[in-house]
Amino acid sequence: MAYWIWKYGDLEIRQSFLLHTKRDEYGYIVPAFWYMEDCSHSVIFRGRIAPEREEKLEVYVRGTGYFNVDGKKYPFSASVTVSAGEHDVEARVVNTDGLPALYVRAGESGTDGSWTCTDLLEAAEPVGFSDMYRDPGDDPERFPFLYEEIFPSSVTETAGGALYDFGRETFAKLVFDRVGKPFRLFYGESPEEALGGDEAYIFDDVTEVGEKPCRAFRYVFTEGGAAQFRAFREYAPAERVGSFSCSDELLNRIWDVAAHTLELNCREFYLDGIKRDRWVWSGDAYQSYFVGRYLYRGGETMRRTIVALRGNRDLKRHINTIVDYTLYWIMSVYDYYEATGDADFVVRMIPKIDDALDFCERSLDGNGFIVPHGEDWAFVDWSDIDKNGANVSEQFLYAAAMLSAAKCSETAGRGCSALRGSADRLLRRIDEFFWDSEKGAYIDSFESGRRLVTRHGNLFPLIYGLVPEKRRDELINNVLRNGAVPPITTPYFKFYELDAEARYGDLRRVTDEIRSYWGGMIRDGATSFWEEYDPLWNREEKLSTHDMYGLKFGKSLCHAWGASPVYLIGRYYLGVRPTSPGYETFDVEPRTGGLDMIEGTVPVGKGTVKVKIEGGLAEASCDVPGGTLIAGGERYEIKPGETVRVKA
């Protein structure tokens with residue numbers, strides 16, 4: 001069988017380039033504000049075909065150039081017949097407008113992963129290919145989205161027009177089969193936005209029949225009255241495998257809305273939000289990787305996102321211009337290996353990890369701490385965080401990134417002692433400069449004089465196991481459980497806060513927080529989870545939460561970093577975690593978190609595990625080997641096709 005092939009990484013880079021030039025707002029295009037790499041445009045493919053009998057060679061190309069068989073050149077339009085047996089094929093493909101790609105087939109033999117490609121700057125390497133592009137008519141530059149017709153749940157005449165409510169957040173295109181007088185339509189994640197007139201974030205002018213680009217919305221307002229159109233939801237071919245239900249209906253609803261939120265943002269890559277920004281941000285994507293592992297089988301979207309974020313060139317600025325986002329990227333490579341067991345991917349990424357670490361080392365200050373330079377910046381979170389000089393959150397991330405890189409190096413068969421030694425030295429410097437013995441916590445910055453303690457600066461050492469047990473207990477008591485430390489008000493860092501609480505604390509506290517925080521959004525009308533939320537906001541503040549960056553409706557009401565309940569529930573309630581790469585072995589240690597009953601399904605490698613706790617009994621079954629149920633302090637093998645049922 002044959003595949004379309006391309007230089008490895010170029011498809012992701014090209015699709016990322018196209019994605020990051022599509023965002024529009026208020027009628028104009030807003031390209032990403034960081035350097036956007038494009039694919040190679042001139043490459044050479046080499047490989048071998050071996051038909052079992054004489055066959056006519058099928059050759060398809062995205063671009064122009066020529067190919068040769070056993071040293072003889074042909075134009076791509078040539079009709080060539082090859083005999084049975086092995087033949088060497090080489091193709092020079094130039095595509096000035098897009099991705100150079102090649103498809104060759106002779107009987108059952110053709111282009112596949114054994115072929116190599118070079119852009120003449122680097123040595124030839126195995127090509128990129130995908131199951132999504134196996135037909136000669138496929139276009140690798142176009143992501144194979146699927147479509148489903150959807151219908152509004154209600155239509156209301158108001159404000160001189162018609163307001164269509166589709167019931168929940170979606171990403172869809174409108175198709176107009178008949179148009180009378182031209183009119184303007186407005187999209188909204190809320191009714192206020194759709195009825196916002198000139199302040200609405202996205203609008204389209206309808207002057208003729210045809211389809212409009214896909215947009216994020218729940219509501220559509222058409223000026224002048226009702227209009228005739230059809231709506232089609234656009235979504236990626238990623239099948240939901242994970243599931244969850246429990247004795248608490250609110251928690252069930254939260255899980256469903258969280259899953260819907262991630263699914264909307266699971267597209268060519270993991271996006272931050274489907275309205276704004278519709279870009280790929282490394283910090284946002286990092287959390288989506290964990291959520292996706294408990295929702296989807298395999299890690300294809302994760303792999304594509306990691307490749308697209310890093311690109312092919314040496315780093316000259318931090319990923320997305322943010323220091324922490326480069327560090328998340330480094331850690332994501334080993335996380336992908338843990339999820340999939342794909343060691344070849346780690347080997348491919350090692351040179352890019354090395355370059356990223358070299359770039360980080362050039363960003364160190366006189367004390368050996370990583371700090372922003374030039375136009376790069378430290379994000380961490382939207383909060384009152386002291387970012388004067390070196391910030392403690394970024395130092396812990398840097399240490400965690402070096403330790404993760406060390407594991408990648410080890411996986412690739414290289415030494416890792418130097419990286420581990422550098423991480424250890426950094427951790428000692430963090431204690432020297434950032435630890436406040438009176439507060440029993442790490443301060444954000446030692447340079448401003450504020451000596452501010454935030455939750456943010458003390459979560460990473462807990463999550464990544466960067467402190468000994470005694471220090472860990474201090475951080476839990478003095479920060480995590482300390483009501484005097486300001487609360488976190490973004491779903492982004494709620495992910496880290498509740499991850500730490502679930503690891504070391506009482507899962508009942510996590511249940512209460514999920515019900516309060518994400519349940520609060522649902523009670524306030526959310527059908528997908530928001531970019532920012534504070535349950536303590538009053539009604540006026542909640543209505544004004546659409547404001548961001550000086551734009552009345554700039555805030556995203558569908559943000560991927562709001563989907564973390566799927567991860568928290570799968571990892572800590574259903575209790576499923578890999579104990580070796582690719583889930584060759586995995587533990588199932590379910591906990592109820594104060595609920596009467598929980599049950600769910602979690603993808604594990606190429607299989608699935610089902611878990612349930614009810615009436616003091618824990619049970620688990622799976623369709624692949626390697627699983628162990630942990631309950632009541634005992635360990636039980638989960639044999640494929642059998643159900644283990646024991647006291648919880």
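Side notes on the structure shown:
- Charge dipole (the chain, unit charges on Cβ, about Cα centre) - positive-most of S580, F553, S422: S580
- Shown for S288, S445, S77: other C-beta atoms within 10 Å of each C-beta, ranked fewest to most, produce the order S77, S445, S288.
- For the stretch 209-329, the direction-averaged projected area of the alpha-carbon convex hull comes to 11.2 nm².
- Dipole in debye (nearest 20) - the stretch 140-231, about Cα centre, beta carbon charges: Lys, Arg +1; Asp, Glu -1: 260
- Qualifying chymotrypsin sites (Phe, Trp or Tyr not before Pro) for the stretch 547-611 [loop in DSSP, other Cβ within 10 Å: at most 13]: Y549
- Within the stretch 247-351, the trypsin sites (Lys or Arg not before Pro) that combine a DSSP coil assignment with at most 10 other C-beta atoms in a 10 angstrom radius are K316.
- The protection proxy used here, the mean number of other Cβ atoms lying within 10 Å of each residue, ranks peptides 503-509, 465-471, 187-193 as follows, highest first: 187-193, 503-509, 465-471.
- Here the extension length gained between A78 and L146 equals 21.0 nm, from 0.36 nm per residue of separation less the Cα-Cα distance.
- Within the chain: Cβ-based charge dipole about Cα centre, in debye rounded to nearest 20 (Lys, Arg +1; Asp, Glu -1): 520
- For the stretch 405-469 versus the stretch 267-322, the spacing of their alpha-carbon centroids is 25 Å.
- For K181 and Y26, a Förster radius of 22 Å and the Cβ-Cβ distance give a FRET efficiency of 0.40, rounded to the nearest 0.05.
- The stretch 586-611 and the stretch 476-530 have Cα centres spaced 21 Å apart.
- Helical content alone sets the calculated 222 nm signal of the chain at -9000 deg cm²/dmol, taking -39,500 (n - 2.57) per DSSP H segment of four or more residues and averaging over every residue.
- Relative contact order computed over the stretch 222-322 (Cα-Cα under 8 Å; 6+ residues apart), in percent: 26
- The stretch 228-334: chymotrypsin sites (Phe, Trp or Tyr not before Pro) in DSSP loop, at most 14 other beta carbons within 10 Å: none
- Positive-end residue of Y336, W382, I353, charge dipole of the stretch 332-389 with Cβ unit charges: I353
- Relative packing of peptides 478-485, 495-502, 258-265 - highest average C-beta neighbours within 10 Å first: 258-265, 495-502, 478-485
- Modelled FRET efficiency - R0 30 Å, E361 with R450, Cβ distances, 0.05 increments: 0.60
- Mean Cβ count within 10 Å, highest first, over the residues of peptides 451-464, 165-178: 451-464, 165-178
- Gyration tensor (alpha-carbon) shape descriptor, the stretch 1-59, a/c threshold 1.5: prolate
- Extension reserve of the T118-D205 stretch, reckoned as 0.36 nm per residue once the Cα distance is removed: 26.8 nm
- When only Cα pairs below 8 angstrom with a gap of at least 6 residues are kept, the chain shows a relative contact order of 11 percent.
- Size of charge dipole - the stretch 574-647 - debye, nearest 20, with Cβ of Lys, Arg +1 and Asp, Glu -1, no other charges: 60
- Listed by Cβ neighbour count within 10 Å, with the fewest neighbours leading, V576, V380 appear as V380, V576.
- Listed residue pairs exceeding 22 Å between alpha carbons, taken from K407/K612; K387/K494; K612/K639; K181/K212; K387/K439; K22/K387: K407/K612; K22/K387
- Length gained when the stretch Y464-R414 is fully extended (0.36 nm per residue, less Cα-Cα span): 15.7 nm
- Computed FRET value (nearest 0.05) for D524 with R317, which takes r as the C-beta separation and R₀ as 45 Å: 0.75
- Of the residues C408, C558, the one with the fewest other Cβ atoms within 10 Å heads the list, and the complete ranking is C408, C558.
- Reported label for calculated Kirkwood radius over Cα pairs in Å given [x] 26.0; [y] 28.8; [z] 26.8: [z]
- Each of T608, L364, G65 was placed along the dipole of the chain (beta-carbon charges, centred on the mean Cα), and the one lying farthest toward the positive end is T608.
Laboratory data are not the source of any read-out in this text; all were calculated from the coordinates shown. Note that the structure is predicted; figures quoted are calculated from it, not measured. So basically every Cβ, Gly included, is an ideal-geometry build from the backbone, and we count neighbours across all protein chains shown.
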